[in-house]
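Following: one structure in structure tokens, then a few remarks.
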Amino acid sequence: HTLWALGFLITFTLGGISGMFFPSMAMDLHFHESYFVVAHFHYVLVGGTVFGFFSAIYYWFPKMTGRMMDERLGVLHFLTAFISYNAVFWPMHRLGIWGMARRHHTYFISTEEAMGSLPPEAAGWNMFISISAFLFFFSNFILIANMIKSVIRGQKAPADPWGGWSFEWMTSSPPPTPSFPLDDLPTLKDANEDHIANEPSAIVKWFQGLMVLDNEEEVSH
């Protein structure tokens, strides 16, 4: 789930950077209705939505099912999907700069001198994009196989496999109904206590100074 979260940050950032070209009237006039727009849109949409969705599946699967997913299959899924995804949409920036229009079912290449024609390399890039799109689609079957395998004979998940600090990780996986007995509700404490206990005292004081005021300051105010 952390790999997918990092993948989201990378692709969403790249999509945002490519969107900075459109406010320029001259560049927007050239990129309008081209494959550059397709690349920008999908870097934001897929990176910002689908990658986050995959991250959530890996993160919450142990809590929902009580089983841990296969980490090797999870890494394989991320590598194949992330690489093939970028192989699909990154070349579209180049095609858009060349002037390849979107929403066309086919393209004819005559001569480079002809108005509106594409360079011969565009055909090869389109084939590369098509193959990568199929690879990205089929890579997601690794996730499906991992989920089925983990539900059937996956390792049993502990209550808190990720070191979470909130209430949902204080109950068993999957959680019972109700999650906590009414006469024994848990208390959520400061999650930073254990993490800053071994830090240098100067850092501890600086961190605590950001959270609360010293007693003398409280009295003086």
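Hey, does segment 28-41 have a residue that's open to solvent by 40 Å² or more (accessible area, probe 1.4 Å), aromatic (Phe, Trp, Tyr), in a helix (DSSP H, G or I) and closer than 25 Å to residue 140 by Cα? Yes, the conditions are met somewhere in segment 28-41.
For residue 20, the criteria (1) surrounded by 14 or more Cβ atoms within 10 Å (Cβ to Cβ); (2) over 9 Å from the mean Cα position of the chain (by Cα) hold in every case but one, which is (1). Of all residues in segment 167-183, those satisfying the criterion of being open to solvent by 50 Å² or more (accessible area, probe 1.4 Å) and either at pLDDT below 75 or part of a helix (DSSP H, G or I) (or both) are 167, 168, 170, 181, 182, 183. Tallying residues that are closer than 23 Å to residue 79 by Cβ and either without any contact (Cβ under 8 Å) to a residue 40 or more places away in the chain or not aromatic (Phe, Trp, Tyr) (or both) within segment 1-35 yields 13.
Answer yes or no: is there a residue in segment 83-98 that is touching a residue at least 12 places away in the same chain (Cβ under 8 Å), part of a loop (DSSP other than H, G, I, E, B), in contact with a strand residue (DSSP E or B) (Cβ under 7 Å, 6 or more places away or on another chain) and not hydrophobic (A, V, I, L, M, F, W, C).
The answer is no; no qualifying residue exists.
Among the residues in segment 55-63, are any surrounded by fewer than 15 Cβ atoms within 10 Å (Cβ to Cβ) and modelled with pLDDT of 90 or more?
Pass one, segment 55-63, residues surrounded by fewer than 15 Cβ atoms within 10 Å (Cβ to Cβ): 56, 60.
With modelled with pLDDT of 90 or more added as a condition, the list becomes 56, 60.
Checked against the condition, which is being surrounded by fewer than 15 Cβ atoms within 10 Å (Cβ to Cβ) and modelled with pLDDT of 90 or more, segment 55-63 yields at least one hit.
Restricting 117, 110 to residues that are modelled with pLDDT under 90, surrounded by 14 or more Cβ atoms within 10 Å (Cβ to Cβ) and farther than 19 Å from residue 141 by Cβ narrows the list to 117.
Filtering segment 42-53 to residues that are open to solvent by less than 20 Å² (accessible area, probe 1.4 Å) and within 8 Å of the chain's Cα centre (by Cα) leaves 47, 51.
The values are calculated or read from the model by the stated rules, or taken from the named source; none is laboratory data. None of the values given here were measured: they were computed from a predicted structure. Quick reminder, even Gly has a Cβ in these numbers, built from the backbone with ideal geometry, and neighbours come from all protein chains shown. Just the protein is used for accessible areas: all its heavy atoms, side chains included, with ligands, DNA and RNA removed. Shrake-Rupley method; radii C 1.70, N 1.55, O 1.52, S 1.80 Å.
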